[in-house]
Amino acid sequence: MPSLLAMDEDELIAAVAGSAAPAAERLIKRFNPAAARAGIERSGCDSLCEHSPEYPEPLADFPDPPNPLYVRGGVDRFAELTSKPSVAIVGGRHPSPHARAVARQMGRELAVAGVTVVSGLALGIDGESHRGALDGGGAPLAVLAGGPDWPYPKRHTELYRRVLERGVIVSELPPGSQPRRWSFPARNRIMVALAQLVVVVEARESSGSLITADFASERRDLAAVPGPVNGQQRTPEGRGGAGARRERCARHGVRGRGRSPRADR
């Protein structure tokens, strides 16, 4: 997936367009940058290219960074949130009550400590971590698989509104874009890039959170909150010992790193 995102227009058309290549080429030729910028402005979003001063350095240094990155909630607020210590909390969409409580507590404690909580606004662990951050008075950072103006899932429309009131919502897809199957694992790499520590809470075997753990294992600190021993959940260390620590709460996760969360910036 990341290799596709790194291709230029001609390479991408050759790789995936097939018989639709002529139509794709015509679409690119008809593209009007001025009209696109006007559409972004009407949507209430901003766009940041890699050369923008507000573009986060850790994201620019990550493989295949999104270019541009679309931001809803304000570029200044985004710059403020990404200048703070940050932790991504991810997990399954159908967690146990215990895992929900852990994710919410972790989000709340991190927010109280002044840490930016990054997640994907999905059902389950993502949503609980955002709610916890809001409970703690924090400003969450949500990374969406669709456009930043497209609340997804629909049942999280109210949570989307609450996150936007205090925090920021970002995506590499332009405003108005519906999420696609490929865009969920693609957005996971953005969550990893925007965090110094990634915590996986009770992820099942088929969970996309384990894709996030794979992205994080070689580039970021990785920790896990395992599920019940008799359940079907699988933590990152169960995928081959990715170096993931087991964490019980936010304080252990942040303090256990042994250095300032922003020391690598």
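The values are calculated or read from the model by the stated rules, or taken from the named source; none is laboratory data. What you see is a predicted model; the values in this text were computed from it and never measured. Note that we place each Cβ from the backbone using ideal geometry, even for glycine, and neighbour counts take in every protein chain shown.
Numbers below:
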| read-out | value |
| --- | --- |
| Yes/no for residue 52 being hydroxyl-bearing (Ser, Thr, Tyr), surrounded by 14 or more Cβ atoms within 10 Å (Cβ to Cβ) and within 21 Å of residue 145 (Cβ to Cβ) | no |
| Leading residue by the ranking (modelled with the highest pLDDT) among those in segment 203-226 that are assigned to a loop (DSSP other than H, G, I, E, B) and out of contact with any helix residue (DSSP H, G or I) (no Cβ under 6 Å at 6 or more places or on another chain) | 219 |
| Selection status of residue 20, of a type in the set (A, V, I, L, M) and under 16 Å from the mean Cα position of the chain (by Cα) | no |
| Which numbered condition residue 113 fails, given (1) of a type outside the set (Asp, Glu); (2) crowded, with 24+ Cβ neighbours inside 10 Å; (3) touching a residue at least 60 places away in the same chain (Cβ under 8 Å) | (2) |
| Residues of segment 3-47 classified as charged (D, E, K, R), surrounded by 13 or more Cβ atoms within 10 Å (Cβ to Cβ) and not in a helix (DSSP H, G or I), total | 1 |
| Tally of residues being in contact with a Pro (Cβ under 7 Å, 6 or more places away or on another chain) and either within 16 Å of residue 130 (Cα to Cα) or among the charged types (D, E, K, R) (or both) across segment 60-81 | 2 |
| Filtered residues of segment 161-202 (kept if in a helix (DSSP H, G or I) and of a type in the set (Lys, Arg)) | 161, 162, 166, 187, 189 |
| Test: residue in segment 73-85 that is of a type in the set (Val, Ile, Thr), touching a helix residue (DSSP H, G or I) at 6+ places or on another chain (Cβ under 9 Å) and surrounded by fewer than 16 Cβ atoms within 10 Å (Cβ to Cβ) | no |
| Positions within segment 55-87 being touching a strand residue (DSSP E or B) at 6+ places or on another chain (Cβ under 8 Å), of a type outside the set (Ser, Thr, Tyr) and over 19 Å from residue 147 (Cβ atoms), in sequence order | 81, 84, 85, 87 |
